[in-house]
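Step one of this worksheet: look at the structure below.
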Amino acid sequence: MNAVLQYTVQGLAAGSFYALAALGLAVIFGVLGVVNFAHGAFYMLGAVAAAVLLDTLGLSLWGALIVVPLLMLVFGMLVERLLVQWLLPLDPLYNLLLTFGLTLLLVDLVKRRYGVSGLPYERPDVLSGRVQVGGVGLPVYQLFVIGVALLVCLGVWLLMTRTRVGMIVRAATERPELAGALGINVGRWVTPVFGFGVALAGLAGVLAAPFRAITAEMGSDFIIILFAVVVIGGLGSIVGAVVGGFLVGLVEAFGQAYAPTFAQVLIFVLMAVVVLARPAGLFGREEATA
Amino acid sequence: MNKRRNAGATALMAGLTAGALVTAGCGAGGPSAGGGDFTDDKVVLALLNDASGVYKDVSGPNSKIAIQMAIDDYQEKYGDDAVVEDIEVTSADHQNEPDIANTKAQELYDREGADIILDVPTSSAALAVATQAKNKKKLYMNIGAGTTELTGAQCNKYTFHYAYDTWMLANGTGTVVTEEGDKNWQLIYPDYAFGQDMVKSFTGAIEAGGGKVGGTIATPFPNDNFATYITKAGAAKPQVIGTMHAGGDLINLVKQYNESGLKEKGIDLAVGLMFISDIHSLGVEAFEGTIFTDAWYWNLDEKSREWADRFLEETGDRPTYAHAGNYSAALQYLEAVQAAGTDDADKVVEELEGKKIDDMFLRNGEIRAEDHRVIHDVYLAKVKGPDDVKEDWDYEEIIKTIPAEEAFRPAAESGCSM
């Protein structure tokens, strides 16, 4: 029982990174129709930025949680304005290629500048240690990660359902032609939405910094799992991305505990099962895959 | 729509992979032996290693500088008496792929006229190069790879193994940690050749030391999430958890071990393979108290320190034992060439075999003739706490010296016949 509680927390903590990043991937796909291959690289940049800011300016995790997503927002908007927007009218494959190329470029630039061994990162002492819950010591940092992820997901959900901006974005995500026909200027929202999605990947990176090896390659495997998360949740579905993220985290943790060798395979088995049973994913609509 | 995108991505990947294979190219032909005692009137040392990937900091381009230092030292020592004037160093990136290593090795031997290939991390790549060395009858000194196969079943006349191997790591860390009281082990390892090899070696060493391996946990490779594996290993209540991970995976694992609270519960972490560059990247805090086997340490004594100072001046970093090993291997090769008066591989091998060496890298060193294992003293090291660090890169406390005769697998057990 104790072990199950530990595995659950570990799964949800890992799932938090997936959920946050997948959320960004989902809004970008929803509004722009771009499969952002560079999302793993943006996650990596978030972690690297946190490490560099700590090293050079002494900016702690608390500051990084605010500053880095803002930097990434600006960076994302620049990427959209300078690069992505020109390919939007063309086949979506072009933007996949572009973002794939961008990934290679970013990874190599980081390697060139910061080497391949990774960067050190110290988290604030408040977040170290463990709290006792029902006789089990749970790491404070993991609980913190889960808390932040849930708060941000809730915030995004409120933004999407309770504000005019959110409704426009949702309309653009779910029925772009209809939204356009009703006179909503979808185009205006393209740049900020892309930046917002990138900021979410950056935030996931900051949260991962104390917990994962901060290297140029850290996003390479992450993006593959992220694609699985989005497929499981339903391409373009915001709720699906979040649920899928936590679900995959849990599958990974319990897989590691009970079938260690198959832990990673299980995620893709889950994906295959979901796709067979519900081709559009758990929360996707059938038309989405048409 | 989605399917089309995915198909596009797949096609893209396939295309890129194919492209990489084509550019790797294939070297063929090349010059044959010319007149005189030296082919092309020069000696060419070739460094083949990972110039851009995960093992770049462990050895990488800085080893080329180390080899150049060896050439400079040789030329300074012999001056006009040197048997060969023109000595070059060249390098190639094998990206840790056995296929690429295989092609590059042929290219280096044939087209670039390499007399010796040095380094080659990643066991599978190292074995591919050993086969080429055997076929081309040219020298190969491995520094970066760990497999005991190089001096075991797959040994050959032209291949030498420097620095470390999995037997030596397991014997050092496994035996000594067990003998010092941590009898009950759990092993976590990456599920590929190196990890499996390490588990086998460690299990043997631990049992020989009177301990037992309570369980082994295989993990995918590469992997970034080890939290549950560690919890599971800890749940078996061992005295020590041994990890066979390297590079980025090791850093992930150590971060998550520190998070797990097992350290406070008195469950130690022993690391199978670690380089000083790993400690440098993550900081001593994260590794404090970790025990591992080291082939060499820059601050071992006056001799090693003096060399490390020169290396620091050239590169801005302190050397790992792979850097020092490349220097020593290059220097000892040139000494053998000097003694033989030729770069003819068979004559140089004769000079090398059985040679006893003491240089800044090898203490009580000997190039064993039976299996070409280069034996030397190795060290059990403990990572210092932040308060004990007196200067940059001052990370290790040497807690035990393992004498050369005990540090490596006995030649009789190697299974090597040349």
### Message
For B:V349, only one of the following conditions fails: (1) within 22 Å of the chain's Cα centre (by Cα); (2) more than 18 Å from B:D115 (Cβ to Cβ); (3) buried (at least 17 other Cβ atoms within 10 Å of the Cβ). What is its number?
### Response
(2)
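Do the conditions hold for B:D80, that is, is it modelled with pLDDT of 95 or more and out of contact with any His (no Cβ under 7 Å at 6 or more places or on another chain)? First the steps, then the outcome.
Details: modelled with pLDDT of 95 or more: no; out of contact with any His (no Cβ under 7 Å at 6 or more places or on another chain): yes.
So B:D80 fails the test.
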### Query
So is A:V9 within 11 Å of chain B (Cβ to nearest Cβ), among the hydrophobic types (A, V, I, L, M, F, W, C) and outside any helix (DSSP H, G or I) or not?
no
### Query
If you scan region A:72-102, which residues turn out to be more than 30 Å from B:E285 (Cα to Cα), buried (at least 21 other Cβ atoms within 10 Å of the Cβ) and away from chain B (no Cβ under 12 Å)?
A:G76, A:V79, A:E80, A:V84
### Message
Looking at region A:140-169 only, could you name the residues that are of a type in the set (S, T, N, Q) and surrounded by fewer than 18 Cβ atoms within 10 Å (Cβ to Cβ)?
### Response
A:T161, A:T163
### Query
Is there a residue being acidic (D, E), modelled with pLDDT of 95 or more, open to solvent by 40 Å² or more (accessible area, probe 1.4 Å) and under 21 Å from the mean Cα position of the chain (by Cα) anywhere in region B:356-369?
yes
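Do we find a residue being under 30 Å from A:G137 (Cα atoms) and within 14 Å of chain A (Cβ to nearest Cβ) anywhere in region B:318-327?
The first filter runs over region B:318-327 and keeps only residues under 30 Å from A:G137 (Cα atoms), leaving none.
No, region B:318-327 has no match at all.
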### Task
For residues that are under 20 Å from B:K382 (Cβ atoms) and at pLDDT 95 or above, tally how many sit in region B:206-219.
2
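Is one or more of the residues making up region A:14-35 within 22 Å of A:V169 (Cβ to Cβ), assigned to a loop (DSSP other than H, G, I, E, B) and at pLDDT 95 or above? Break it down into steps so the answer makes sense when it comes.
So the first thing to find is which residues in region A:14-35 are within 22 Å of A:V169 (Cβ to Cβ), and the list is A:18-35.
Then drop every residue that is not assigned to a loop (DSSP other than H, G, I, E, B), which leaves A:33-35.
Those left that are additionally at pLDDT 95 or above: none.
No, region A:14-35 has no match at all.
Of all the strands (runs of 3 or more DSSP E) wholly in region B:187-292, which have at least 1 residues that are touching a residue at least 60 places away in the same chain (Cβ under 8 Å) and open to solvent by 20 Å² or more (accessible area, probe 1.4 Å)? Full working, then the answer.
On the way: elements: B:212-219, B:240-243, B:268-271.
Qualifying strands (runs of 3 or more DSSP E): B:268-271.
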### Query
Is region A:221-234 home to any residue that is open to solvent by 10 Å² or more (accessible area, probe 1.4 Å), under 20 Å from B:A227 (Cβ atoms), touching a Gly at 6+ places or on another chain (Cβ under 6 Å) and away from chain B (no Cβ under 12 Å)?
no
#### Entry: region A:14-42, residues that are within 11 Å of chain B (Cβ to nearest Cβ), open to solvent by less than 10 Å² (accessible area, probe 1.4 Å) and under 13 Å from the mean Cα position of the chain (by Cα)
A:A14, A:G15, A:F17, A:Y18
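Evaluate region B:295-316: report whether one residue or more is within 14 Å of chain A (Cβ to nearest Cβ), polar (S, T, N, Q), at negative phi and not in a loop (DSSP other than H, G, I, E, B). Outline the logic, then answer.
Here is the first cut: in region B:295-316, the ones within 14 Å of chain A (Cβ to nearest Cβ) are B:315-316.
So of that shortlist, the ones also polar (S, T, N, Q) come out as B:315.
Add one more test, that the residue is at negative phi, and what stays is B:315.
Within this subset, residues satisfying the condition of being not in a loop (DSSP other than H, G, I, E, B) are B:315.
Checking region B:295-316: at least one residue is within 14 Å of chain A (Cβ to nearest Cβ), polar (S, T, N, Q), at negative phi and not in a loop (DSSP other than H, G, I, E, B).
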### Query
Between residues in region A:128-157 that are within 12 Å of another protein chain (Cβ to nearest Cβ) and residues that are part of a strand (DSSP E or B) and open to solvent by less than 40 Å² (accessible area, probe 1.4 Å), which pairs lie under 7 Å by C-beta distance while being six or more apart or on different chains?
A:R130/A:G137; A:R130/A:L138; A:R130/A:P139; A:V131/A:L138
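Only one residue in A:A241, A:A280 is farther than 24 Å from B:A218 by Cα, open to solvent by less than 50 Å² (accessible area, probe 1.4 Å) and more than 13 Å from chain B (Cβ to nearest Cβ). Which one? First the steps, then the outcome.
Values: A:A280 fails: more than 13 Å from chain B (Cβ to nearest Cβ).
Result of the check over A:A241, A:A280: A:A241.
What are the residues in region A:49-71 that are in a helix (DSSP H, G or I), open to solvent by 10 Å² or more (accessible area, probe 1.4 Å) and in contact (Cβ under 8 Å) with a residue 24 or more places away in the chain, if any?
Taking region A:49-71 and keeping what is in a helix (DSSP H, G or I), we get A:49-57, A:61-71.
Still in the list and also open to solvent by 10 Å² or more (accessible area, probe 1.4 Å): A:49, A:52-57, A:62-63, A:65-67, A:69-71.
Within region A:49-71, A:A49, A:V52, A:L54, A:D55, A:W62, A:L65, A:P69, A:L70, A:L71 meet the criteria.
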### Summary
A:A172: passes all of (1) open to solvent by less than 20 Å² (accessible area, probe 1.4 Å); (2) at negative phi; (3) outside any helix (DSSP H, G or I) but (3)
### Task
Can you run down the residue pairs with Cβ atoms below 8 Å, 6 or more apart or on separate chains, where the first is in region A:203-214 and facing another protein chain (nearest Cβ under 8 Å) and the partner is assigned to a loop (DSSP other than H, G, I, E, B) and of a type in the set (F, W, Y)?
A:P210/A:Y121
### Task
Filter region A:260-277 down to residues that are open to solvent by less than 30 Å² (accessible area, probe 1.4 Å) and without any contact (Cβ under 8 Å) to a residue 24 or more places away in the chain and give me whichever is nearest to B:P190 (Cα to Cα).
A:P260
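The values are calculated or read from the model by the stated rules, or taken from the named source; none is laboratory data. Here the structure is a predicted model, which means the values were calculated and not measured. Neighbour counts run over all protein chains shown; Cβ positions are idealised from the backbone, glycine included. All accessible areas refer to the heavy atoms of the entire protein, side chains included, with ligands and DNA or RNA removed. Shrake-Rupley method; radii C 1.70, N 1.55, O 1.52, S 1.80 Å.
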